[in-house]
């Protein structure tokens with residue numbers, strides 16, 4: 001039985017990837033992972049904004065939980081088992097490390113289909129994962 005990681009940000013491509021993973025691995029074990037991007041949390045060490053940083057992180061963790069509720073609903077509709085988890089950090093790095101450290105056989109993830117200058121300047125989480133993961137990756141468009 002394949003153990004499959006599905007990075008999930010509640011976007012249409014992520015929803016498509018989750019559904020595709022259910023079709024691709026009919027007997028798989030699935031984990032939907034959402035990553036709280038720490039670049040979205042302002043941090044100024046030893047300042048009065050530490051409480052603000054903690055509040056913002058709590059807010060982002062709450063949003064992550066809400067995203068995963070959507071993944072759970074998709075799994076329930078498809079009558080498929082699904083575990084969920086939240087990581088904190090750089091999305092591509094966290095996905096790669098999570099897949100390797102948790103013994104996954106495959107990663108199935110959505111692509112936002114960036115191209116041209118946007119892809120060159122910003123990069124793509126999916127592209128970084130594909131290039132650096134030691135675990136096979138399927139990108140769903």
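The values are calculated or read from the model by the stated rules, or taken from the named source; none is laboratory data. Since we're looking at a predicted model, the values are computed, not measured. Methodologically, a virtual Cβ is constructed for each residue, glycine included, from the backbone with ideal geometry; neighbour enumeration extends over all protein chains shown.
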- Selected residue (criterion: surrounded by the fewest Cβ atoms within 10 Å (Cβ to Cβ)) from residues of the range 24-53 that are at pLDDT 80 or above and more than 15 Å from the chain's Cα centre (by Cα): 27
- Could you tell me whether any residue of the range 5-13 is modelled with pLDDT under 95 and assigned to a helix (DSSP H, G or I)? yes
- Query: Within the range 54-99, which residues are more than 12 Å from the chain's Cα centre (by Cα), in contact (Cβ under 8 Å) with a residue 24 or more places away in the chain and at positive phi?
  - Reply: none
